[in-house]
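In what follows, a structure is listed as structure tokens, so that the remarks can point back to it.
The values are calculated or read from the model by the stated rules, or taken from the named source; none is laboratory data. None of the values given here were measured: they were computed from a predicted structure. A quick note on method: Cβ atoms are made from the backbone with ideal geometry, for glycine too, and the neighbour counts reach across all protein chains shown. Heavy atoms of the whole protein, side chains included, go into the accessibility calculation; ligands, DNA and RNA do not. Shrake-Rupley method; radii C 1.70, N 1.55, O 1.52, S 1.80 Å.
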Amino acid sequence: MPNHQNSRSQPSAGAEYQLPRMARLKQQFQRPQERNLRQAVFRELAALHLEKKIAPGQTVAITAGSRGISGIDVIIKGVVEFIQSLDGIPFIVPAMGSHGGATAEGQLAVLAGYGITPATMGCEIRSSMATTIVGETAAGIPIHVDQHALAADHVLVVNRIKPHTGFVGEIESGLHKMLLIGLGKHLGATVYHQAIVRSSFRKIWQEVAPVVISKARVVAGLGIVENAFDETALIAGVLVDEFAEKEAELLKLAKAYLPRLPFREIDLLIVDQIGKNISGTGMDTNIVGRKYNDHAATPQDDVSIRRIFVRGLTAATHGNATGIGIAEFTNHRTVASIDREITQINCVTASHPTGAMIPASYETDRQAIQEALKTIGWVPPHQAKVIQIRDTLHLGELLVSEAFAPELAKHDQIQQVTDWEEMEFDQDDNLRDLLPGE
């Protein structure tokens, strides 16, 4: 590989248009994986002896959320078929707070995008935004539960367990969040997020979850943990009285498997796509930092990124650009693809209105990058520390700029697979998407 400077010099005249050269890296992460998802679902649910709790002919509502969980259609269908094997009557409930534009039709569309339809699942999907208030917390916060779920004989909660994008605790994003935000629908999600602003998620779930479990007759949980390659690492059946203990254990595993950016100090992060199927904040703040401040790293963040440029939205997000406001730069085509009403509903419901704000926008990617590099400090653009990723779920391969060359030797889990090359733009001056294995 070519030699490189070990330090960054001051900008010189004419250097503003010299963009950095980039090389492709591969990162090595732990890769535990469930090879047969249906078999894993049956194994885990059978171990819970649900035949002792679910009588033939009883209805079981199965929660299905809006996150882009790997193989979620196979997993949910496995749950449906397991319930049917007990002679139960399963149906699916969209459990996703304000997503899908906070409409029953929108949430059906979100599930259909994941391959979850009545035809593919072999059971009904009962979608409604109507809830019933089944109690209240000590502070008088009403506890909402989806009416369809409440009408079932039992509820089986399915969700991925992973670090939350906005707070840290022994319970973050998983089964408890599905009990509150998912089954609470738009009304419940709104009041819980409002309460969390002046309280904490821990306090809220400790009061709300037991009521939901009791009133909705929750029979069990199925926790999903993914590895760093967006694959199912494990599936775990969870007894109702072990929800908190088991979820805390699974969260530790999820954090251990979480992918990471290879370097802490980054001048510009280029993100090809964000979306609700990638993260609740479009791009995972556990990856990009900014978990506590939209536009600056804090001592609690693992990475410090000066500027973020978002190039597009995923198709599966259906125009929901929640988290776009965490970036400072974007392009006109991304802005044109945003469904502002859906995005604003989601961000306001989550008490994160800044997540819907539109960054500085440019006609081409080249313009956006050039403008972004003017704002990183007294550093020549060609010496800037730049990283391009597909999204925050896929970090096994990424492009990094030549300024990181001196740091590569310090990482034995990183392989450089191409030489340093100029940034690749198309005829319209837009970057080429970062796709794996090219």
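Brief remarks on what is shown
- Over the chain: Rg over Rh, Cα atoms, Kirkwood Rh: 1.00
- In the chain, the calculated helix contribution to ellipticity at 222 nm averages -8000 deg cm²/dmol per residue, counting -39,500 (n - 2.57) for every DSSP H run with n ≥ 4.
- Converting phi to 3J(HN,Hα) with the Karplus coefficients 6.51, -1.76 and 1.60 and the offset θ = phi - 60°, the stretch 327-333 yields 7, 9, 9, 8, 10, 5, 5 Hz in sequence order, with x at every glycine or proline.
- Relative contact order %, the chain, counting alpha carbon pairs below 8 Å whose residues are six or more apart: 22 percent
- Order by protection proxy (mean Cβ within 10 Å, highest first), peptides 359-365, 312-318: 312-318, 359-365
- Order by protection proxy (mean Cβ within 10 Å, highest first), peptides 32-39, 366-373, 411-418: 366-373, 32-39, 411-418
- Across the accessible surface of the chain, with the other protein chains kept in place and a 1.4 Å probe, carbon and sulfur atoms take up 50 percent.
- Share of pairwise Cα separations in the stretch 167-234, more than 21 Å, in percent: 30 percent
- For the peptides 185-192, 219-226, the ranking by packing is 219-226, 185-192, with the highest mean count of neighbouring Cβ atoms within 10 Å listed first.
- For the stretch 202-297, dividing the convex hull volume of the Cα atoms by the residue count gives 136 Å³ per residue.
- P(r) weight above 24 Å for the stretch 284-433, C-alpha pairs, percent: 36 percent
- Multiplying the residue separation of ALA112 and ALA256 by 0.36 nm and subtracting their alpha-carbon distance yields 48.7 nm.
- The lysines within cross-link reach of LYS53, meaning a Cα-to-Cα straight distance under 25 Å and a gap of 8 or more places when in the same chain, are LYS77, LYS177, LYS215, LYS246.
- Value of relative contact order over the stretch 263-336, rounded to a whole percent, pairs C-alpha under 8 Å and six or more apart: 38 percent
- With all protein chains kept in place, the per residue accessible area of the chain amounts to 40 square angstrom at a probe of 1.4 angstrom.
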